[in-house]
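A.B. asks: I have a structure here, written as structure tokens, and I will follow up with some questions on it.
Readers should treat all values here as calculations from the given coordinates under stated rules, not as data from a laboratory. Not measured: the values here are computed from a predicted model. With ideal geometry, Cβ positions are generated from the backbone for all residues, glycine too; neighbour counts draw on all protein chains shown.
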């Protein structure tokens, strides 16, 4: 089959592909995008099509796999569609915020435990959580870098043991 015949046959199956997208989505725009992606992939990978293969079945397989891959990618990204006038894609809200009254209490309780650390552990730990590098903390406190790492490690361990109930 020549490239021109191949292109013509794919173009003639466009309406069939459009109908097939209803199995996957009822959204008109998403359906249109899926058909376009399928045709683009078919034209791109024309050399992988064998003469003795059913072209319609081959296209349906490409469409199904494209839909599944897009679905998985969206699930990994955890995005939701915002239907406002601006049509932005927004990340799903973070469930680990401290906006509820109970969460505010937990947040204050956690910081009370952190602040109850001994001074020698608290200072390097707070500096590290503020973004300082180990060598910067060592220079600022005038102590060896190994001591900085050790103090941060022990601070984490103490905080973890105090927060075992969470």
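A.B. asks: Based on other C-beta atoms within 10 Å, arrange 62, 68 from fewest to most.
C.D. replies: 68, 62
A.B. asks: Residue 145 to residue 111: FRET efficiency via 1/(1 + (r/R0)^6), r the Cβ-Cβ distance, R0 25 Å, to the nearest 0.05?
C.D. replies: 0.40
A.B. asks: Report Rg(Cα)/(2.2 N^0.38 Å) for region 101-162, keeping two decimals.
C.D. replies: Relative to the rule-of-thumb radius for its length, region 101-162 sits at 1.20.
A.B. asks: Let me ask something else. Calculated FRET efficiency, residue 160 and residue 76, Cβ-Cβ r, R0 22 Å, to nearest 0.05?
C.D. replies: 0.15
A.B. asks: Over what distance in Å are the Cα centres of region 105-148 and region 1-79 separated?
C.D. replies: 55 Å
A.B. asks: Please give, to one decimal in nm, the separation of the simple spin-label points placed at residue 129 and residue 14, each 7 Å out from Cα toward the Cβ.
C.D. replies: Placing both labels 7 Å beyond Cα along the Cβ direction yields 5.9 nm.
A.B. asks: Taking 22 Å as R0, compute the FRET efficiency from the Cβ-Cβ separation of residue 53 and residue 29 and round it to 0.05.
C.D. replies: Once the sixth-power term is evaluated, E becomes 0.15.
A.B. asks: Subtracting the Cα-Cα distance from 0.36 nm times the residue separation, let me have the gained length for residue 40 to residue 22 in nm, one decimal.
C.D. replies: Taking 0.36 nm per residue and subtracting the Cα distance, the gain is 4.6 nm.
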